[in-house]
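As structure tokens, the structure follows; a few thoughts come after it.
The values are calculated or read from the model by the stated rules, or taken from the named source; none is laboratory data. Keep in mind the model is a prediction, meaning the values are calculated, not measured. Cβ atoms come from the backbone with ideal geometry, glycine included; neighbour counts cover every protein chain shown.
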Amino acid sequence: MLPPIAQRIATELGVRPAQVQAAVQLLDEGATVPFIARYRKEATGELDDTQLRNLEERLTYLRDLEERRGAVLASIEEQGKLTSELRAVIEDAETKQRLEDLYLPFKQKRRTKAQIAREAGIEPLALALLDNPELTPDEEAEKYLNADAGFPDSKAVLDGARQILMEKFAEDAQLLQTLRDYLKEHGLLRSTVIEGKELEGAKFRDWFDFAESIVDMPSHRALALLRGRNEGFLNVTLVLDSEINEDAIKPGPGPCEQRIAARFGIKAQQRPADKWLQDTVRWTWKVKVYTHLELELVNELRERAEEEAIRIFGKNLKDLLLAAPAGQHVTMGIDPGIRTGCKIAVVDATGKLLDTATIYPHEPRNDWGGSISTIARLASAHGVTLVAIGNGTASRETDKLVQDVMKKYPEARLQKIVVSEAGASVYSASELAAKEFPDLDVSIRGAVSIARRLQDPLAELVKIEPKSIGVGQYQHDVSQTKLARNLDAVVEDCVNAVGVDVNTASVPLLTRISGLNGSLAANIVSYRDANGAFKSRNDLKKVPRLGDKTFEQAAGFLRVPNGDNPLDASSVHPEAYPVVEKIIIDLNKSMKDILGNSQALKGLNPAKYTDQRFGLPTVQDIFRELEKPGRDPRPEFKTATFADGVEDVKDLRPGMILEGVVTNVAAFGAFVDIGVHQDGLVHVSALANTFVKDPHAVVKAGQVVKVKVLEVDLPRQRIALTMRMGDEPKKSDPGSQRGAPISRQQARHNSPPPAGNAMASAFAKLKR
């Protein structure tokens with residue numbers, strides 16, 4: 001019998017069952033993952049948010065499994081077919097797949113050909129031929145003729161007997177697992193172009209003749225193949241490695257047919273029923289089992305690929321959300337444009353809109369001088385110190401414009417930064433933006449978002465649907481439910497890791513705080529607007545519908561700067577304030593003297609302040625917070641400087657060393673914005689001088705990096721980069737970037753595809 005759920009999860013996570021039990025209890029009581037990770041370390045043995053998310057996911061799966069197990073047992077028992085042996089096997093099933101395999105023979109299904117044959121009394125014939133191949137099928141079949149039931153001759157009778165055996169073979173749980181394991185070890189996913197679709201499906205040409213192990217195939221390749229199939233350009237099938245070279249296929253039963261035959265003792269010994277039984281095995285494999293397992297394994301590959309794509313998306317999103325904020329500076333946001341002009345929005349240090357304008361420095365007006373004057377006037381009027389330029393169309397041209405402003409008006413002391421505008425258009429057209437700026441043009445709202453994104457990426461990006469931020473791959477090909485759930489969890493963890501100022505936070509930002517939802521967040525803002533700024537965390541209890549439980553979950557992540565209690569601006573939870581009070585008494589100093597004074601705390605032993613409620617991990621956290629109150633876990637602000645004169649792909653030359661910003665990280669490498677309106681790719685093999693298994697271990701979205709140009713493919717707008725400065729640029733070869741797809745003859749189940757092919761598929765980028 002299987003161990004309890006907590007034990008199984010503990011084994012999977014490599015932790016103690018008591019830790020899992022405590023976490024499960026807290027989750028069942030309504031506690032959030034951020035709250036448990038931050039303020040219940042003693043209970044869970046310091047499980048972090050990643051471990052808790054994995055625990056939560058596995059808990060849901062295993063509880064669903066137990067519920068399904070109960071339903072399966074009840075169904076079989078109701079049929080009167082539940083033996084003690086079968087019960088034991090079902091109770092030991094560790095996965096939903098194994099459970100469904102065991103339930104398959106007992107599952108209520110539509111009336112099959114096998115059932116019709118059984119009703120006609122043909123099952124004894126089928127079993128007799130299986131048990132004794134010395135019997136002659138045609139002679140034995142004559143004994144079972146039943147014209148009224150649709151079996152008027154021996155051929156029909158034998159067809160019915162075959163259907164019975166095929167169903168028996170195909171529903172054998174042990175056999176299915178054997179074949180499943182064999183296919184996982186020897187199965188290749190083969191893709192070929194659909195005849196006549198070569199030109200229309202040219203973007204999938206790398207997969208027109210391709211094969212790779214189904215268990216080793218990386219997620220991005222699997223999703224590319226499945227997209228090609230779904231769009232009607234590729235045939236995608238599961239084949240055995242022994243079948244990849246059609247000329248080398250040996251006559252006779254294949255390896256899977258051999259295993260079916262061995263399972264039921266079917267042999268070729270020239271006995272009367274041997275050929276009939278072998279044909280039954282062949283039809284079982286081709287008609288029943290192969291189709292079923294191909295669908296299952298391809299779906300399993302798709303799910304695995306989706307999970308990996310979602311994981312990578314989540315990691316990129318986390319890195320972007322936790323990017324360094326520029327801080328509270330008066331900021332000018334510019335949304336570049338050509339014919340429609342560049343939209344300008346000036347916001348104050350808190351993100352409040354101060355002024356707007358539209359300039360036309362580019363074609364067709366070419367009002368360069370007037371645009372410089374407008375920017376200088378707005379900067380002077382509002383004390384602008386930072387200029388955020390969106391990285392879309394006309395970005396580099398607008399960057400040059402601001403540079404000219406800085407040269408002409410050095411006294412303004414402006415600093416310009418090019419920022420990603422991914423998702424800005426989504427926000428500007430959203431209901432939220434319309435409510436916030438009902439009288440503003442959509443494009444001006446985009447400029448506001450660009451400015452705020454520089455000030456505080458986290459606070460602004462939470463207003464945008466996570467999947468619209470542009471750091472994913474094949475995001476429209478994965479389960480949208482799973483994607484949304486994962487990305488929402490990432491946003492929640494990031495927001496709570498940083499904490500928010502309850503007196504300035506927007507409704508979308510507050511909604512992500514532990515314990516809060518949209519209506520409570522709106523209530524907080526409404527109360528703030530009606531009564532003025534919160535003076536303490538305790539004031540939150542006056543907000544309608546914000547009860548004690550919600551306060552417990554949320555209070556530690558809501559900050560009140562310059563409030564009545566200095567601790568309200570820290571991550572110390574109100575429930576732990578008595579611990580701080582004991583420290584104050586021992587030091588005989590005021591709160592203000594202690595906060596930020598690491599020297600004052602040096603002589604104290606955190607263990608002295610532990611009790612039954614607050615253990616050493618919590619007290620140590622308190623000490624760290626007192627040393628650096630309100631510390632921001634995000635890194636120091638840094639920005640890339642794009643090279644002058646390098647504004648388009650055609651300006652690039654192999655060997656150039658440039659600064660850029662990582663825009664996206666995938667399993668095969670990292671995409672880098674070097675200021676030419678087309679991201680370049682640093683393949684995983686070029687990220688470091690050592691072997692890199694996971695690109696996220698080297699780079700992250702938003703990181704400033706130095707790269708060297710290896711190759712430029714102008715016709716296809718592809719840029720190959722390296723972070724290894726010792727790499728030499730490749731010799732010009734028009735076809736070198738595409739890479740040769742692996743042929744059927746080249747395919748081996750343990751052989752990786754050529755690096756060129758990985759590069760080629762990576763260049764597709766497919767952030768859609």
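Only one residue in Leu52, Leu62 is crowded, with 17+ Cβ neighbours inside 10 Å and closer than 21 Å to Ala497 by Cβ. Which one?
Leu52
Taking Glu139, is it more than 30 Å from Leu223 (Cβ to Cβ), in the same structural domain as Ser242 (by TED's automatic domain parsing) and assigned to a helix (DSSP H, G or I)?
Yes.
Condition test on Leu295, is it closer than 30 Å to Pro218 by Cβ and modelled with pLDDT under 90?
So Leu295 does not fit the description; no.
Please go through the stretch 585-610 and pick out each residue that is assigned to a helix (DSSP H, G or I), of a type in the set (A, V, I, L, M, F, W, C) and surrounded by 14 or more Cβ atoms within 10 Å (Cβ to Cβ).
Scanning the stretch 585-610 gives Leu587, Met591, Ile594, Ala600, Leu601.
Identify, please: which residue in the stretch 583-622 is of a type in the set (Val, Ile, Thr) and free of Cβ contacts under 8 Å to residues at least 60 places away in the same chain and is, among those, nearest to Lys41 (Cα to Cα)?
Val619
Among the residues of the stretch 684-720, write down those that are under 21 Å from the mean Cα position of the chain (by Cα) and either buried (at least 22 other Cβ atoms within 10 Å of the Cβ) or in a loop (DSSP other than H, G, I, E, B) (or both).
Correct list: Val684, Val692, Lys693, Asp694, Pro695, Val698, Val699, Lys700, Ala701, Gly702, Gln703.
From Ala120, Ala141, Ala128, which residue is touching a strand residue (DSSP E or B) at 6+ places or on another chain (Cβ under 7 Å), surrounded by 13 or more Cβ atoms within 10 Å (Cβ to Cβ), over 21 Å from Glu296 (Cβ atoms) and of a type outside the set (Ser, Thr, Tyr)?
Ala120
For the list (1) over 24 Å from Leu414 (Cβ atoms); (2) at pLDDT 90 or above, I need the number of the one condition that Gly446 fails.
In the conditions (1) over 24 Å from Leu414 (Cβ atoms); (2) at pLDDT 90 or above, Gly446 misses (1) alone.
Hey, does the stretch 314-323 have a residue that's over 18 Å from Ala379 (Cβ atoms), over 29 Å from the mean Cα position of the chain (by Cα) and among the small types (Gly, Ala, Ser)?
No, every residue in the stretch 314-323 fails to be over 18 Å from Ala379 (Cβ atoms), over 29 Å from the mean Cα position of the chain (by Cα) and among the small types (Gly, Ala, Ser).
Going through the stretch 327-336 one residue at a time, which ones are surrounded by fewer than 22 Cβ atoms within 10 Å (Cβ to Cβ) and at negative phi?
Gln328, His329, Val330 - these are the residues of the stretch 327-336 that are surrounded by fewer than 22 Cβ atoms within 10 Å (Cβ to Cβ) and at negative phi.
Among the residues of the stretch 143-201 satisfying the criterion of being more than 30 Å from Asp216 (Cβ to Cβ), of a type in the set (S, T, N, Q) and part of a helix (DSSP H, G or I), which is farthest from the chain's Cα centre (by Cα)?
The selected residue is Ser154.
Which ones in the stretch 344-361 are surrounded by 22 or more Cβ atoms within 10 Å (Cβ to Cβ) and farther than 30 Å from Asp501 by Cα?
Passing the criteria: Ile359, Pro361.
What helices (runs of 4 or more DSSP H) lie completely within the stretch 76-119 and have 1 or more residues being touching a helix residue (DSSP H, G or I) at 6+ places or on another chain (Cβ under 6 Å), without any contact (Cβ under 8 Å) to a residue 24 or more places away in the chain and on the phi < 0 side of the Ramachandran plot?
Hits in the stretch 76-119: 84-91.
Restricting to the stretch 565-604, give me the number of residues that are under 42 Å from the mean Cα position of the chain (by Cα) and at pLDDT 90 or above.
Counting residues in the stretch 565-604 that are under 42 Å from the mean Cα position of the chain (by Cα) and at pLDDT 90 or above gives 16.
Here is a list of conditions, (1) farther than 18 Å from Ala576 by Cβ; (2) in contact with a Pro (Cβ under 6 Å, 6 or more places away or on another chain), and Arg537 meets all of them except one; can you say which number that is?
(1)
Restricting to the stretch 623-665, give me the number of residues that are touching a residue at least 12 places away in the same chain (Cβ under 8 Å), small (Gly, Ala, Ser) and either assigned to a helix (DSSP H, G or I) or under 30 Å from His683 (Cα atoms) (or both).
4
Restricting the stretch 489-532 to residues that are in contact with an Asp or Glu (Cβ under 9 Å, 6 or more places away or on another chain), farther than 17 Å from Glu460 by Cα and free of Cβ contacts under 8 Å to residues at least 60 places away in the same chain, which is surrounded by the fewest Cβ atoms within 10 Å (Cβ to Cβ)?
Among residues in the stretch 489-532 that are in contact with an Asp or Glu (Cβ under 9 Å, 6 or more places away or on another chain), farther than 17 Å from Glu460 by Cα and free of Cβ contacts under 8 Å to residues at least 60 places away in the same chain, the one surrounded by the fewest Cβ atoms within 10 Å (Cβ to Cβ) is Asn531.
Condition (residue is touching a residue at least 40 places away in the same chain (Cβ under 8 Å), out of contact with any His (no Cβ under 7 Å at 6 or more places or on another chain) and among the small types (Gly, Ala, Ser)) applied to the stretch 429-441: is it met by at least one residue?
No, the stretch 429-441 contains no residue that is touching a residue at least 40 places away in the same chain (Cβ under 8 Å), out of contact with any His (no Cβ under 7 Å at 6 or more places or on another chain) and among the small types (Gly, Ala, Ser).
Go through the stretch 413-427 and count every residue that is within 20 Å of Phe637 (Cβ to Cβ) and in a helix (DSSP H, G or I).
Summing the residues that are within 20 Å of Phe637 (Cβ to Cβ) and in a helix (DSSP H, G or I) in the stretch 413-427 gives 1.
For (1) at pLDDT 95 or above; (2) crowded, with 16+ Cβ neighbours inside 10 Å, each residue gets a yes or a no:
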| site | (1), (2) |
| --- | --- |
| Glu100 | no, yes |
| Lys107 | no, no |
| Pro137 | yes, yes |
| Asp148 | no, no |
| Leu158 | yes, yes |
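In the list Ser242, Ser219, which residue meets the criterion of being at negative phi, among the hydroxyl-bearing types (Ser, Thr, Tyr) and within 19 Å of the chain's Cα centre (by Cα)?
Selected residue: Ser219, the only one of Ser242, Ser219 that is at negative phi, among the hydroxyl-bearing types (Ser, Thr, Tyr) and within 19 Å of the chain's Cα centre (by Cα).
Please tell me if Val471 is crowded, with 21+ Cβ neighbours inside 10 Å, among the β-branched types (Val, Ile, Thr) and farther than 27 Å from Leu681 by Cβ.
Judged against the criteria, Val471 is not a match.
Residues are listed down the side, and each one gets a yes or a no for (1) loosely packed, with under 13 Cβ neighbours inside 10 Å; (2) closer than 30 Å to Asn517 by Cβ:
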{"position": "Gly30", "(1), (2)": "yes, yes"}
{"position": "Ile36", "(1), (2)": "no, yes"}
{"position": "Glu78", "(1), (2)": "yes, no"}
{"position": "Glu85", "(1), (2)": "yes, no"}
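Kindly indicate the residue of the stretch 666-681 that is outside any loop (DSSP other than H, G, I, E, B) and more than 21 Å from the chain's Cα centre (by Cα) and also nearest to Arg724 (Cα to Cα) among those meeting that condition.
Gly680
Could you check Met406 against (1) out of contact with any Leu (no Cβ under 7 Å at 6 or more places or on another chain); (2) part of a helix (DSSP H, G or I) and say which number it fails?
Just one mismatch for Met406, condition (1).
Among the residues of the stretch 462-495 satisfying the criterion of being of a type in the set (Asp, Glu) and in a helix (DSSP H, G or I), which is nearest to Asp49 (Cα to Cα)?
Asp493
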